[in-house]
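Here's the structure we're looking at; comments come further down.
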Amino acid sequence: MSAPETEPEPSPHAAEAAPPRRPVAVSLMSGGLDSQLAARLLAEQGVDVRALTFMTSFGCGPGEGGACGHDPAKLPMHPSIKIKLAHLGQEYIDMVMHPKHGYGKNANPCIDCRAMMLRWADEYREAIGADFLITGEVLGQRPMSQRRGVMPRIEEEAGVEGRVLRPLSAKLLPPTDAEKQGLVDRDKLCAISGRSRKKQIKLAKELGLKKWPSPAGGCLLTDPSFGRRFHDLRKHQERATVTDIDFLKIGRHFRLTPQLKVVLGRDLRECEHLEALREEQDWLFHPAEHSGPTAVSRGSMDDAQIEQIAELVAVYSKAAAGEAVPVSYGPEAGPEKTVVVKKPASRGLFAALAVV
Ligand code: SF4
């Protein structure tokens, strides 16, 4: 007699359906208040946020003073927000040298920059299987890239139409795909516009943020003095390298000829930095006996120009006006030579050559 057939015991897990997948958004995170709030608003709605912080050679990165980038690693984050750093290298510099949509007030190509960042963020979104993008942009806050008519153009340029949710201004903008698909509750988003931060600060308090960074005006490309140096470089070079850009960040700059540029350190730290940045083709100049600046020249020069650079070094040295100042110079690989020049009476003689 065979044993009676019995129904197998149901597994205790069989009735448990897989939990619904949480929506995932990729956020552009500068670390400033607006991008934090945008990510927080979504995290509060149950969206997992993968925040991307872009670093560029123009001060948009953690640890860079005076830049648009605040260090997001130092910010108190919601558990649903994870941060990733991404470096935009030569491709970003190439874009800044030749932006399709031109520059803002200084050397900031904000439209092309936003389009590139959104395109990169969207590639990352696709790679990790996320659903949509979010930014901390506020309608009307920035004159170049945050205008109503420009935002759709940037999305089109980046190929991300309908996928960019701007939680702080969402109610003032057409619904995005994420809202239409019900991944996000539009009613819980904001209708903030303009340059005032009052509403953001109120929202920050409501969301329990205890402190937030002070507003930053943008990356180094929005700085007028850096902008002038950058445009001088652009006028004389078709292409720029990371080192070319690093040189623009320090020292006193002089354009001697279209092919010849000189940078003088303003203090010991800058002199050491210049020396470290120097590449094979650059020549170094420094006073042989007096205390004074190190200079780096980039570009072809003749004997008269070598003397002119030595005078520049002498005029910023501690020697007395009219005193003979030996200045050593040479390429990295070759032996140093020395030229003796008289310290000019005034720095004003070089004013016309300065890129300030
Ligand atoms: S200020 Fe403009 S150019 Fe600079 S990072 Fe922001 S969007 Fe880009």
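Read-outs throughout are calculated quantities, based only on the coordinates presented, and are distinct from any laboratory measurement. Please read all numbers here as calculations on a predicted model, not as lab measurements. Because the Cβ atoms are built from the backbone with ideal geometry, glycine has one as well, and the counts that use them run over all protein chains shown.
Once a ≥ b ≥ c are taken as the square roots of the eigenvalues of the Cα gyration tensor of the range 81-196, is the result rounded (a/c under 1.5), prolate (a/b larger than b/c) or oblate (a/b not larger than b/c)?
oblate
Report the Cα centroid-to-centroid distance between the range 313-356 and the range 100-141 in angstrom, as an integer.
Using only Cα atoms to place each centre, the spacing works out to 45 Å.
With labels modelled as points extended 7 Å from the Cα through the Cβ direction, what inter-label distance (nm, one decimal) is found for GLU289 paired with SER328?
That separation, rounded to one decimal, is 1.4 nm.
Whose amide H sits under 5 Å from the amide H of THR294, counting only residues 5 or more places off or on another chain, with H placed in the peptide plane?
GLY265
If you plug each phi of the range 198-207 into the Karplus form 6.51 cos²θ - 1.76 cosθ + 1.60 with θ = phi - 60°, what whole-Hz ³J(HN,Hα) values come out, in order, with x for Gly and Pro?
Values per residue, Gly and Pro as x: 4, 5, 5, 5, 4, 5, 4, 5, 4, 8 Hz.
Calculate one ³J(HN,Hα) per residue across the range 171-186 by plugging θ = phi - 60° into the Karplus curve 6.51 cos²θ - 1.76 cosθ + 1.60, and present them in order as whole Hz with x for glycine and proline.
These are the phi-based 3J(HN,Hα) values: 6, 9, 10, x, x, 8, 4, 4, 6, 5, 7, x, 6, 9, 8, 4 Hz.
Among rounded, prolate and oblate, which fits the range 24-219 when a ≥ b ≥ c are the square roots of the eigenvalues of its C-alpha gyration tensor, a/c under 1.5 means rounded, and a/b larger than b/c means prolate?
It is rounded, given that a/c, with a ≥ b ≥ c, falls under 1.5.
What's the extension gain from GLU161 to HIS231 if we count 0.36 nm per residue and subtract their Cα-Cα distance?
22.0 nm
So which aspartates and glutamates pass the test for LYS342, namely a Cα distance under 20 Å, with those fewer than 8 places away in the same chain ruled out?
Partners found: GLU289, ASP302, ASP303, GLU307, GLU311, GLU323.
For each pair in LYS180/LYS202; LYS100/LYS235; LYS235/LYS261, compute the distance between the two Cα atoms and list the pairs where it is over 18 Å.
Result: LYS180/LYS202 exceed 18 Å.
How far apart, in nm, are two points set 7 Å out from the Cα along the Cα-to-Cβ line at LYS211 and at LYS337?
Once both label points are built, they end up 5.6 nm from each other.
Starting from the coordinates of the alpha-carbon atoms of the range 247-338, obtain the Kirkwood hydrodynamic radius over all distinct pairs and give the value in Å to one decimal.
13.0
Long-range amide H contacts for LEU165: which residues qualify at under 5 Å (H placed 1.01 Å from N, peptide plane, sequence gap of 5 or more or a different chain)?
For LEU165, whose amide H was placed from the backbone, the distant partners under 5 Å are LEU133, ILE134, THR135.
Expected output is a single nm value to one decimal: the length gained when fully extending between GLU275 and LYS105, i.e. 0.36 nm times separation in residues minus the C-alpha distance. What is it?
Additional length available on full extension: 58.0 nm.
Report the local net charge at ALA333: Lys and Arg +1, Asp and Glu -1, summed over other residues whose C-beta lies under 12 Å from its C-beta.
-4
Report, in listed order, any pair from LYS171/LYS198; LYS318/LYS343; LYS82/LYS249 with a Cα-Cα distance greater than 21 Å.
With Cα atoms farther than 21 Å apart: LYS82/LYS249.
At 222 nm, what value in deg cm²/dmol follows for the chain if DSSP H runs of at least 4 each add -39500 (n - 2.57) and the sum is divided by all its residues, to the nearest 500?
About -8500 deg cm²/dmol.
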